[in-house]
Structures are given as structure tokens and as C-alpha cells.
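Engineer: After the C-alpha cells below, expect a handful of questions from me.
Read the figures in this text as sums done on the coordinates, not as results from a lab. What you see is a predicted model, and the numbers here were worked out from it, not measured in a lab. A quick note on method: Cβ atoms are made from the backbone with ideal geometry, for glycine too, and the neighbour counts reach across all protein chains shown.
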Amino acid sequence: MRVTITDIAKRAKVSPSTVSRVIADNPRISAATKEKVLRIMKEMNYHPNIIARSLVNQTTKIIGVVMPGMAEQSLQHPFYPELLGGIASMANNQGYKILLANVSTVDEEREMVKELTFGGITEGIILLTSRDDNPTVDQLVKNGFPFVVIGRTENPYVNWVDNDNFLIGYQLATHFIEQGHQEIAFLGYSPGYMVTRDRLNGYKKALQEHNIPFDPALVIESKFISDNGYDLMKQILVKEKRPTGVIACDDLLAFGAIRAIHEAGLRVPEDIAVAGINNVPLADYYNPPLTSVKINAFSLGTKAFEMLRTIMGSEIQSYNRAIIPAELVVRSSTQR
């Protein structure tokens, strides 16, 4: 049977409100009473009810984390567990719990955030993606609820943390050009998602600087998270003019692309060079080892929580942006 505040109060011969104040560490309770109540709580193996405690303290110590896609899709992707690990490590260190919510559509996201905001469950929210014209972000800004977005946004009233995805796309394209490539495909552009748009714009900039015409036919669109590189690469292989290089917006897309290239009887990198982004552990052991970009997802998570904690603890509204450094890791898949 669950031990209640009333049970503790009877044993300690104090009122239930006194026990509540001890749990809240109220300074008006004497040291002797506090010591006695805490000792009895330990003896009776009492654990405070989070909801009851939140009514007293006006705090739940819970952070909502909203993740895109179905759980089985998102959590199979190496990026999200690492990102969540960064958030959870910081939350644990500061006595917070995280409430994870998966959403598949913009409407689902808006409804979920409404519940988390007005339901008194969470003190703050971290959104794990940034979309163009996101009604969820507009709703949070309007309500003045503490939140952070992982991903760049153009809304000036939003706190966000991200990599420099423009620079990532630029560096990858430049690397291919330095290897002698002129026809470079861009695999995995997802319309509406800032991360892939920024990477595509960086890729375009590198082409422009080296006087290489941009060919829209070499940009292969995908559905965020859910598409696979194998099918997307097949769209490239049937083109009349086959590229000699492929930049995939994600390592998993790159792995699928390499499989499709091998099945077509072509070699990587001799016939088509391939690079990805995220630098997942398998990248170093794939055949061939995959050139990728280390984006430090764990650090994105820790910085997002740190930023949110600052917002929640401040009465002064300020809007911050943080860029986590990324690193190009060159391996055999792009070296001729």
C-alpha cells in the first residue's frame, strides 16, 4: 500500500500541511521538526507524489521533449537517441525528468504542445525539429511558455541551438569539387525543414564559387526521416547524366545509396563517391568507410537543456542562439 502524507503526519504527530512544507523545504519549519519528519519518511519508505508536490511548489520538474515521426522510426535513427542522451544527462543532473512525445504531423505536434503547455505537466518544452512557418512555434511564442528549438529558425522570438548546416553543405560540396567532381547530386532535401534547406543552400554556394552550374535534377527530395537512401539513389541511377558524387543529408541515406550503387555494378568511390552527415558509429566500419560530418548530437542536447533551464529561471525575456561546431571526417568513400 502506498504511504501518504497523512500516514507520515500521524506517525510524526504533526499536521499534513507541516509534512508538505518539509517536502517543499519551507524555511518556516524548525530544524528539529524537519529532521524528525524526514527520518520517518525514510523509515516508512515514503516517496513524494509529483502532482501533489507540484501544487505546493508550483513546479513539476518535468520537461517535455517533442520528437518528429513515429517512435519506431525516430528511435531507430542514431541521431535522436544521442540527442536525447544529451538532454537526459543534463536533466538528471539538475533533478528534472523528461516526458517524451512523438508526433507525425504538424497538427499532432500542435495538439501535443497545447496539452503540455496548458495541462500543467511540464515547465518547459524542447522541440527536436525546426520547420518553415511552424504554427507550434507561433503558439508557444504567443503564450510566453518557455521552450527551445533544436534547429535554426528565422523567428526572432525563439531560442534555438543548431549546427551551422549551411557550412556543412558548403564544406561537403567543396570537398567533392576538390576531388575533381563536377556533377554532384544532393540526396535527401526535405521541403519545409530548415536543416535540409540550409545544407542545400551551402551546397549551392560552393557550386557557385567554383563556377559549376546548379542542376535542379540532381536534387532528390525525400520525406523527413522516413525515406531510405536505396530507393532515392535508384532515382539518380536511371538519369541520363549520372553524377560522379553524391552528398546524402544523412548517413543512413548514404548507406542505402552505396548499396544501390553496388547492386548496379558500380564502385564507390571510383565510379560514384558518396558522403553522409551525422558520423554514426557504423560510418567507420562500412564498406567503404563513409566520409561524414560529425555534428555532436549529444552536445546539441546538453546545450538545449541548458538554454531552456536558463529561460525557465529568468524573469527577463532574452532570445539566444547557439551553434555547436561540426567536423568533416574524410574517409575512403570520397577519396579517389
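Engineer: Taking 28 Å as the cut-off for C-alpha to C-alpha distance, list the pairs among 142/294; 239/294; 204/294; 42/303; 205/241; 142/205 that go past it.
Structural biologist: 142/294; 239/294; 42/303; 142/205
Engineer: Next up: Just to confirm the filter: which GluC sites (Glu not before Pro) across segment 253-336 are DSSP coil and have at most 16 other Cβ within 10 angstrom of their Cβ?
Structural biologist: Qualifying residues, ordered by number: 270, 315.
Engineer: A further question follows. When the C-alpha atoms of segment 133-181 are aligned to their principal axes, what extent does each axis show, in angstrom, from largest down?
Structural biologist: 52, 17, 13
Engineer: For the residues 150, 63, what sequence is obtained by ranking on other C-beta atoms within 10 Å, fewest first?
Structural biologist: Going from sparsest to densest Cβ surroundings: 150, 63.
Engineer: Across segment 168-181, in residue order, what do the Karplus-derived ³J(HN,Hα) couplings come to in whole Hz, using 6.51 cos²θ - 1.76 cosθ + 1.60 with θ = phi - 60° and x for Gly and Pro?
Structural biologist: 4, x, 5, 5, 5, 5, 4, 4, 5, 5, 5, 7, x, 7
Engineer: Let me ask another. Compute the label zone of residue 30 within segment 5-21: residues whose backbone N is under 16 Å from the point 7 Å along Cα-to-Cβ.
Structural biologist: Only 12-15, 18-19 fall inside the zone, counting backbone N under 16 Å.
Engineer: Same structure again: Using amide H atoms built 1.01 Å from N in the peptide plane, name the residues 5+ places from residue 326, or on other chains, whose amide H lies under 5 Å from its own.
Structural biologist: 164
Engineer: Hey, got a sec? Which trypsin sites (Lys or Arg not before Pro) in segment 231-293 land in a DSSP loop and have at most 16 other Cβ atoms within 10 Å?
Structural biologist: Sites meeting the loop and neighbour criteria: 239, 241, 267.
Engineer: Now for a different question. Can you sort 4, 105, 117, 122 from fewest to most other Cβ atoms within 10 Å of each residue's own Cβ?
Structural biologist: So the ranking, lowest neighbour count to highest, is 105, 4, 117, 122.
Engineer: Continuing with this model, one more query. Evaluate the Debye formula for the chain with equal point scatterers sitting on the alpha carbons, no solvent, and hand back log10 of I(q)/I(0) at q = 0.10 Å⁻¹, in q order, two decimals.
Structural biologist: One equal scatterer on each Cα of the chain leads to -0.67.
Engineer: Check residue 97: other-chain or 5+ apart residues with amide H under 5 Å from its amide H, H built from backbone geometry?
Structural biologist: 62, 63
Engineer: For the chain, build the charge dipole from Cβ charges (+1 Lys, Arg; -1 Asp, Glu) around the Cα centre, then report which of 180, 256, 40 sits farthest towards its positive end.
Structural biologist: 40
Engineer: Tell me, which longest segment in the chain has none of the chymotrypsin sites (Phe, Trp or Tyr not before Pro) that fall in DSSP loops with at most 16 further Cβ atoms within 10 Å?
Structural biologist: The longest such stretch corresponds to 1-156.
Engineer: Same structure again: GluC sites (Glu not before Pro) within segment 193-242: which are DSSP loop residues with at most 14 other Cβ atoms inside 10 Å?
Structural biologist: Passing sites in segment 193-242 are 240.
Engineer: Positive end of the charge dipole of the chain (Lys, Arg +1 and Asp, Glu -1 on Cβ, about the Cα centre): tell me which of 332, 106, 89 has its Cα farthest that way.
Structural biologist: Result: 89, furthest along the dipole toward the positive end.
Engineer: Can you find, among 318, 298, 268, the residue farthest towards the positive end of the dipole of segment 264-328? Put +1 on the C-beta of Lys and Arg, -1 on that of Asp and Glu.
Structural biologist: Of the options given, the answer is 318.
Engineer: So, one more: Collect residues whose amide H, placed 1.01 Å from N in the peptide plane, falls under 5 Å from the amide H of residue 67; neighbours closer than 5 in sequence don't count.
Structural biologist: Here 101, 102, 103 satisfy the definition.
Engineer: With +1 on each Lys and Arg Cβ and -1 on each Asp and Glu Cβ, how big is the dipole of the chain about its Cα centre, in debye rounded to the nearest 20?
Structural biologist: Around 1740 debye, computed over the chain.
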